[in-house]
C-alpha cells in the first residue's frame with residue numbers, strides 16, 4: 001500500500017496516495033480498497049485525510065471507484081482535501097461530492113492541503 005499516515009502540526013492525517021495509476025483501474029481499485037479498510041476501522045468523524053490523484057486518469061471506471069470509496073468513508077472522515085484536480089476533473093469531483101455528500105477542499109500541492117486540513121480542526 002502506497003497510502004500512509006503523515007503528521008502535520010501535531011495532527012495525524014491519512015494520505016491516500018492514488019497518484020500515477022494512469023489508466024490502471026485495477027491497481028487503483030486495490031489501493032483504494034486498502035484505504036477503505038483502514039478508514040472503516042477508525043472512529044466515526046475522526047479522520048483528517050488528503051487524497052492525491054495526480055497522474056491518475058479520471059475514467060468512467062475510476063470515477064465509480066472514487067464515488068464508492070467516498071460514500072463508504074464519509075461517516076469516518078471529518079475533513080478531506082484532494083490534490084490534482086484540474087480542468088474537467090473539477091466537474092467530476094463535484095459529482096463525487098454530490099453522490100457521497102462529502103465535501104472536499106481542492107489544492108495543487110501537498111503542503112497547501114496539509115495546512116488546510118489541520119486548520120481549525
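Looking at the stretch 6-42, which of its residues are farther than 16 Å from residue 74 by Cβ, in contact with a helix residue (DSSP H, G or I) (Cβ under 7 Å, 6 or more places away or on another chain) and surrounded by fewer than 16 Cβ atoms within 10 Å (Cβ to Cβ)? 9, 11 - these are the residues of the stretch 6-42 that are farther than 16 Å from residue 74 by Cβ, in contact with a helix residue (DSSP H, G or I) (Cβ under 7 Å, 6 or more places away or on another chain) and surrounded by fewer than 16 Cβ atoms within 10 Å (Cβ to Cβ). Taking the condition in contact with a strand residue (DSSP E or B) (Cβ under 7 Å, 6 or more places away or on another chain), modelled with pLDDT under 95 and surrounded by 14 or more Cβ atoms within 10 Å (Cβ to Cβ), does residue 82 pass? Taking the combined requirement at face value, the residue satisfies it. Looking only at residues in the stretch 85-117 that are exposed (fewer than 13 other Cβ atoms within 10 Å of the Cβ) and farther than 18 Å from residue 69 by Cβ, the one that is modelled with the lowest pLDDT is 88.
The values are calculated or read from the model by the stated rules, or taken from the named source; none is laboratory data. Because the structure is predicted, anything quoted here is derived from the model rather than measured. Ideal geometry is used to build each Cβ from the backbone, glycine not excepted, and the neighbour counts take in all protein chains shown.
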